[in-house]
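One structure is given below, encoded as structure tokens.
Derivation of every value follows stated rules applied to the coordinates shown; laboratory data play no part. For clarity, every value in this text was computed on a predicted model and none was experimentally measured. Reconstructed Cβ throughout: ideal geometry from the backbone, glycine too, with neighbour counts over all protein chains shown.
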Amino acid sequence: MRGDALSEPVLTRVARETGADLAILDGRIGNFKDVRFSQLTLGISGDTAAALAALERYGQVTQ
């Protein structure tokens, strides 16, 4: 996640929209120049494809 998305409940929204369970397995928050970012490793159970598609819609997936 980056920028303003850090303060938005993106993971909660994805879980509600898709019914998938999201678990944060590892993570960190940092800055690159003037942009805050986070790097998270997620465990996804349930409809993984729908959860990944929703994260991509929010612009939050890099693999």
Counting only residues 5 or more apart in sequence or on a different chain, those whose built amide H sits under 5 Å from that of Asp47 are Ala20, Asp21
For a footprinting-style exposure proxy, rank Val35, Val61 by other Cβ within 10 Å, fewest first. Val35, Val61
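Find the Cα radius of gyration of the range 22-63, compare it with 2.2 N^0.38 Å by division, and give the number to two decimals. Could you put the intermediate results ahead of the total?
Working: Rg = 11.7 Å, N = 42, 2.2 N^0.38 = 9.1 Å.
Ratio of Cα Rg to 2.2 N^0.38 Å: 1.29.
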The range 3-57: relative contact order in percent, alpha carbon pairs under 8 Å with at least 6 residues between: 37
Per-residue ³J(HN,Hα) for the range 37-49, Karplus 6.51 cos²θ - 1.76 cosθ + 1.60, θ = phi - 60°, Hz, x for Gly and Pro: 8, 10, 10, 10, 9, 10, x, 10, 10, x, 7, 4, 4
Taking amide hydrogens as modeled 1.01 Å from N in the peptide plane, which residues meet the under 5 Å criterion relative to Leu42, leaving out close sequence neighbours? Leu25
Amide H contacts under 5 Å for Arg36, restricted to residues at least 5 apart in sequence or on another chain and with H modeled in the peptide plane, are Gly3
